Every structure is written in structure tokens, then in C-alpha cells.
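Asks: Below you will find the structure I want to go over with you.
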Amino acid sequence: MKLSVPGRATATAVAVTVLATTALLTTSTVAGAAPAPDSAPAVRLAAAPDLPLANVKAHLTQLQSIATANGGNRAHGRTGYRASLDYVKAKLDAAGFTTTIQQFTASSRTGYNLIADWPGGDPEQVIMAGSHLDSVTSGAGINDNGSGSAAVLEIALAVSRAQYQPTKHLRFAWWGAEELGLVGSRYYVTNLSAANRARIDGYLNFDMIGSPNPGYFVYDDDPTIEQTFKDYYATLGVPTEIETEGDGRSDHAPFKNVGVPVGGLFTGASNTKSAAQAAKWGGTSGQAFDRCYHSSCDTTANINDTALDRNSDAAAYAVWELSE
């Protein structure tokens, strides 16, 4: 999640070039599928998977190793960022996704977005899930935002394992240069045609979902998406609160600004957990949700496994529910 600084420009996108154009959506349907008779009852297409926490954490371990081997960070324009993108892309390519890299320049450094489309689904109804892949220069960025990036990657891989064929088209994204002011996601949205923007039924954002002293916050931007997340947490008996700390500070903002319905999850950054929040969620009151926010200690040791597991599964649930 980007740091808000008074007077700081929200984005620095100097020269923008396209390495590869956005992949065209396919209109393929399941071969040989016959239409259901009018009297047939509605059938749920597929149940959302329970994502293996070990898989999500394995991605975080890889991101940590990449940072360690590249000066301690995965920041925009640095070798650690590109190595992170290459790791994610290789996983997606092997799983059958159509991947696209978008290239841009910000602060005199080259940045990249990675977009992955799952073949099939209605191209007029697109559900997107995304996260920013870059860290700040001061650390590996494992909670901010390896946590969201790893969860979105594992959801995409779960789609492939299940050979899930939803009604809507699924697209996943990993954004560059979020920490410079949402540069990558803003570039993507700005370069969508009006028609392609209108095709996106919802964008789900996951930025910091494994904070070590976690809260359970749900974006309240779109009522349908918000309720989907709340429904999942209700099954766990975990109360949620409306997300306010990061409002407008992550990659959902460019989508929201052009009228795309958005939603997401968040476990807190530098704000302090109250006594009431500690009473209902556990953890330590009077302490930041993430004391290592934007710091060198944001490593694999800076993750709450329970929060990461719950939010990863909640994210998968929402992708399945909203794409059916």
C-alpha cells in the first residue's frame, strides 16, 4: 500500500510504452454443452476451494528469496521487482493462462504490470482480482504486498487445478509501481477503452492481508462485493469492520474512479488496534496492525498465518461467487 504524503504527486508516469497489448478475451464455451430445459433447477457451478495455506506461504518464501538476492527489496525499477514478476508469470504460463506484460516508465525507471486471463467465460462480463507486486525500497514487502500477490496467484492456480469454467471471464493482475502512487493500475485503467471498462463487472483488490496484529476490514465501495466478503466471514463467526485506513490508497482507486464496482480486504497498516478491536479479533491493543509497515522488518516473519489463511480463502470465495 502506498504511503500518503501531503503534497506528494500521486503518480509519475513519464513515458509510457506497451510491451504487449492486452490479451483479447475468448468467447469459447464448454464444447458439447446442451442448454438446460426450462424446468431444470438452478445448479451451483462449483464450490470455491479451500486454498492450502502452505502454498500461499511458499509463494511468500520465494518473494523473500528474490528480495534477499536483489538488494533486500522488490521495488519498482529494481531487479527484485522484475524477478518477482517473472516468478509469477512462469507459474501462470504453466497453468494455462494467457499472460500479458504491460511496460511503462515512472521516475525514470521501467515498470511492469502482469495481466493473466483464464480462457473462456463471457467477455462482456469480466471479474478481476488484483494486487500490487512491488515493495518499497526499504524492505522485501512480504505483507505489503507479497501477501495479496501470493493469495491472488494461488487463487489463479486453483482455478487452473479445478479447470473452473465460470459464466464470467476471469482476469488476474499484479500491478507495478503502486508505491509511487498507483502508477501501474492507473496506467492499465487509463488505457482501457470505454467499452472494455464497461465489461468489467467487478475488480477485487488485495493489499496487505496478513498483518501480524490483524484486523478484518472489508471495503464498502460496492454493496454486492462487500456483502459477498461479509457472508464468508459470517460462516467463520469472525466480525468485520469497514475499511477506512487505506481508502483510495491502493489499486482499486483507479477502477472506482471510472465507475467499475470495486471491493477488497485489508488487515491494517500503521493505524493502532483499539481495545475493542483486540477484544473481538485478538492481538495487541495500542499497537499498530503492522509495526513493520514500509520497513526492513516486513519479511516472512511479519505474517499472521491465521489472517493470511482466512483472507486467502475469502478472496477465493468471492472470485468463485461473483464469476458464476
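Asks: Output yes when any residue across region 145-152 is open to solvent by less than 10 Å² (accessible area, probe 1.4 Å) and in contact with a His (Cβ under 6 Å, 6 or more places away or on another chain), and no when none is.
Replies: Checked region 145-152: at least one residue is open to solvent by less than 10 Å² (accessible area, probe 1.4 Å) and in contact with a His (Cβ under 6 Å, 6 or more places away or on another chain).
Asks: Let me ask something else about it. Restricting to region 266-287, name every residue that is in a loop (DSSP other than H, G, I, E, B), of a type in the set (S, T, N, Q) and in contact with an Asp or Glu (Cβ under 8 Å, 6 or more places away or on another chain).
Replies: The answer is T267, S270, N271.
Asks: Among the residues of region 179-193, count how many are more than 20 Å from G259 (Cα to Cα) and open to solvent by less than 20 Å² (accessible area, probe 1.4 Å).
Replies: Total satisfying the criteria: 1.
Asks: Is it true that G237 is small (G, A, S) and crowded, with 22+ Cβ neighbours inside 10 Å?
Replies: no
Asks: Could you please find all residues in region 289-305 being assigned to a helix (DSSP H, G or I) and open to solvent by 40 Å² or more (accessible area, probe 1.4 Å)?
Replies: T300, A301, D305, listed by residue number.
Asks: Against the condition within 16 Å of D207 (Cα to Cα) and modelled with pLDDT of 95 or more, how does L236 come out, does it pass?
Replies: The answer is no for L236.
Asks: Restricting to region 210-240, count the residues that are of a type in the set (A, V, I, L, M), within 22 Å of G282 (Cβ to Cβ) and in a helix (DSSP H, G or I).
Replies: The qualifying residues number 2.
Asks: Okay, moving on. Would you point out the residue of region 240-288, among those that are of a type in the set (S, T, Y) and open to solvent by less than 30 Å² (accessible area, probe 1.4 Å), that is nearest to the chain's Cα centre (by Cα)?
Replies: If we take residues in region 240-288 being of a type in the set (S, T, Y) and open to solvent by less than 30 Å² (accessible area, probe 1.4 Å), then S250 is nearest to the chain's Cα centre (by Cα).
Asks: Can you find a residue in region 306-320 that is modelled with pLDDT under 95 and open to solvent by 50 Å² or more (accessible area, probe 1.4 Å)?
Replies: Within region 306-320 (the criterion being modelled with pLDDT under 95 and open to solvent by 50 Å² or more (accessible area, probe 1.4 Å)), the answer is no, since none of the residues qualifies.
Asks: Would you say P214 is at pLDDT 95 or above, surrounded by 15 or more Cβ atoms within 10 Å (Cβ to Cβ) and either in contact with an Asp or Glu (Cβ under 7 Å, 6 or more places away or on another chain) or within 26 Å of E154 (Cβ to Cβ) (or both)?
Replies: yes
Asks: Quick check on my filter: what residues within region 168-200 are of a type in the set (S, T, N, Q) and not in a helix (DSSP H, G or I)?
Replies: Hits for region 168-200 are N191, S193.
Asks: If a residue must be in contact with a strand residue (DSSP E or B) (Cβ under 8 Å, 6 or more places away or on another chain), of a type in the set (S, T, Y) and either within 24 Å of T299 (Cα to Cα) or loosely packed, with under 15 Cβ neighbours inside 10 Å (or both), how many such residues does region 85-108 contain?
Replies: Summing the residues that are in contact with a strand residue (DSSP E or B) (Cβ under 8 Å, 6 or more places away or on another chain), of a type in the set (S, T, Y) and either within 24 Å of T299 (Cα to Cα) or loosely packed, with under 15 Cβ neighbours inside 10 Å (or both) in region 85-108 gives 0.
The values are calculated or read from the model by the stated rules, or taken from the named source; none is laboratory data. The structure presented is a predicted model; accordingly, all values stated were derived computationally and were not measured. Cβ sites come from the backbone with ideal geometry, for glycine too, and all protein chains shown count toward neighbours. For the accessible areas, the whole protein counts, side chains as well, though only heavy atoms, and no ligand, DNA or RNA atoms are used. Shrake-Rupley method; radii C 1.70, N 1.55, O 1.52, S 1.80 Å.
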